[in-house]
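Worksheet: one structure, shown below.
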Amino acid sequence: MIKHKYKRSRQREEILNILKGTDSHPTASWIYDELKKDFHNLSMGTVYRNVNILLDQNLITRIESGSSFDRFDGNVEPHYHFFCRECDAIYDMPIKLMEGLNKQANLSANHHVEEHRINFYGICENCKSNAAT
């Protein structure tokens, strides 16, 4: 499951399970709150250290949301995100990846494009519904 550059860690495995089991793109603080239920001596430093190891192993991704807290994603497959400007939620967008965009970018300049990221911003369905009532 986890690459063996690092010693096995139950906390790290549980962080990975938590991130693979949610689509909420949580912060390290949220992960800490979830893990604290089972690991009573857990520190935020342990969470950050293990999150960084999982990032190094390419088992999770960091989503820089523009706020002071990074968010994390257990889905490492290329995909797009929607950022709600009202509630700060981040959602995976269920649209097909525009794979030809990398090729088009390569043809437009003398660069070698390896990947692209597209984010969508607006008001999520929940916030729209709450505003309508």
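The values are calculated or read from the model by the stated rules, or taken from the named source; none is laboratory data. Since the structure is predicted, the reported quantities are computational estimates derived from the model, not experimental observations. Backbone-built Cβ (ideal geometry, glycine too); neighbour counts: all protein chains shown.
State yes or no: is E114 surrounded by 13 or more Cβ atoms within 10 Å (Cβ to Cβ), of a type in the set (D, E) and over 30 Å from R8 (Cβ atoms)?
The answer is no for E114.
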Test result for N102, of a type outside the set (A, V, I, L, M), surrounded by 13 or more Cβ atoms within 10 Å (Cβ to Cβ) and over 29 Å from Q11 (Cα atoms): yes
Hand me the list of strands (runs of 3 or more DSSP E) wholly inside the range 81-133 holding 1 or more residues that are closer than 18 Å to S24 by Cβ and either of a type in the set (D, E, K, R) or assigned by TED's automatic domain parsing to the domain that holds T61 (or both). 90-92
The condition of being more than 16 Å from the chain's Cα centre (by Cα) and among the small types (G, A, S) holds, among S24, S29, S43, only for S43
Being free of Cβ contacts under 8 Å to residues at least 24 places away in the same chain and either touching a strand residue (DSSP E or B) at 6+ places or on another chain (Cβ under 8 Å) or under 21 Å from I95 (Cα atoms) (or both) is the filter here, so list the residues in the range 51-65 that pass it. L55, T61, R62, E64
Do the conditions hold for N130, that is, is it over 30 Å from Q57 (Cβ atoms) and loosely packed, with under 11 Cβ neighbours inside 10 Å? no
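Residue by residue, here is whether (1) touching a Gly at 6+ places or on another chain (Cβ under 6 Å); (2) of a type outside the set (A, V, I, L, M, F, W, C); (3) modelled with pLDDT of 95 or more holds:
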site: K7; (1), (2), (3): no, yes, no
site: G21; (1), (2), (3): no, yes, yes
site: A28; (1), (2), (3): no, no, yes
site: D33; (1), (2), (3): no, yes, yes
site: H40; (1), (2), (3): no, yes, no
site: G45; (1), (2), (3): no, yes, yes
site: R62; (1), (2), (3): no, yes, yes
site: S65; (1), (2), (3): no, yes, no
site: E77; (1), (2), (3): no, yes, no
Please state which of the following conditions Y48 fails to meet, knowing it meets all the rest: (1) in contact (Cβ under 8 Å) with a residue 40 or more places away in the chain; (2) assigned by TED's automatic domain parsing to the domain that holds L19. (1)
Sole miss for R85 among (1) under 29 Å from N130 (Cα atoms); (2) under 12 Å from the mean Cα position of the chain (by Cα); (3) of a type outside the set (A, V, I, L, M, F, W, C) is condition (2)
Could you tell me which residue of the range 40-63 is farthest from N75 (Cα to Cα), considering only residues that are touching a helix residue (DSSP H, G or I) at 6+ places or on another chain (Cβ under 7 Å) and hydroxyl-bearing (S, T, Y)? T46
